[in-house]
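Asks: Handing you a structure now.
Values in this text are rule-based calculations from the coordinates and carry no lab data. Just so we're clear, the structure is a prediction, and the values are computed from it rather than from any experiment. Cβ atoms come from the backbone with ideal geometry, glycine included; neighbour counts cover every protein chain shown.
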Amino acid sequence: MNKWAARIGLVTMLVAGAIVAGSVNSGRIGGSTVTASPAPQPAAGGYPKRPGPTRLVGAESPAPSLPADLSAPWRLRVAAVGIDTALQPLGLLADGSLAAPSEWQTAGWYSRGVIPGQAGPAIIAGHVDSVTGPAVFFRLRELHLGDRAIVQQKDGRLLTFVIDTLDRYPKDRFPAKAVYGLTPQPTLRLITCTGDFDARAGSYLDNLVVSAHLVP
């Protein structure tokens, strides 16, 4: 069996619009409990089905208005690890779950959260691998402090973020308040999966969260 056929990278996207308002409690976001989607079951032939995103309980918030000097993010480049990807806007589905990026090689921006360049954590998430090989954020773990991430906005403006930390968290003890709580400065969070792979559940046990701050 192809080694990638047994490994599918899941992104734990624990995001809710209430974060924008700063309503965050430990283990909860905006007063809504975060719960995981059911574990994927193996498909015929032993290949796991592509699982859906982590689910959120709660209604979707209105999209934030764009300040005059900001537009939506369009592309992400992280030269140090060879990342150059378009950014797909991600929202919440009707059932309250966050839509995952539709392509393995395309990252997604939570478009109902903080806009890159605004104060607070802007969330960009992507798969670590796929049924055929590495996905868009496969090399995210190779970043070093001081490396740079460039967010290109739709209006052509480039925002430069400098990597501050790389943190690994068990999914069952994910520090939502620390990762998604408001920050006084514009912050970028790049999120993917890492750690050991649970073949039975069809997902990784941990999340990698890369944090970066905006520089002039």
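Asks: How far, in nm, would the chain grow between Val131 and Lys154 when pulled straight, counting 0.36 nm per residue and subtracting the alpha carbon separation?
Replies: 5.2 nm
Asks: Based only on other Cβ atoms within 10 Å, what is the fewest-to-most ordering of Phe137, Phe174?
Replies: Least crowded to most crowded, the residues run Phe174, Phe137.
Asks: While we're on this one: If I stretch the segment between His144 and Thr165 completely, what's the gain in nm (0.36 nm per residue apart, minus their alpha carbon distance), one decimal?
Replies: 6.7 nm
Asks: Treat every Asp and Glu Cβ in the range 82-160 as -1 and every Lys and Arg Cβ as +1, leave all other atoms uncharged, and give the resulting dipole magnitude about the Cα centre to the nearest 20 debye.
Replies: Here the range 82-160 has a charge dipole of around 220 debye.
Asks: If you average over every viewing direction, what projected area does the convex hull of the Cα atoms of the range 143-188 give, in nm²?
Replies: Projected over every direction and averaged, the Cα hull of the range 143-188 covers 4.4 nm².
Asks: I would also like to ask the following. Which FRET efficiency value, to the nearest 0.05, is calculated for Ala199 and Val81 with the Förster distance at 45 angstrom and r the Cβ-Cβ distance?
Replies: The formula returns an efficiency of 0.95 here.
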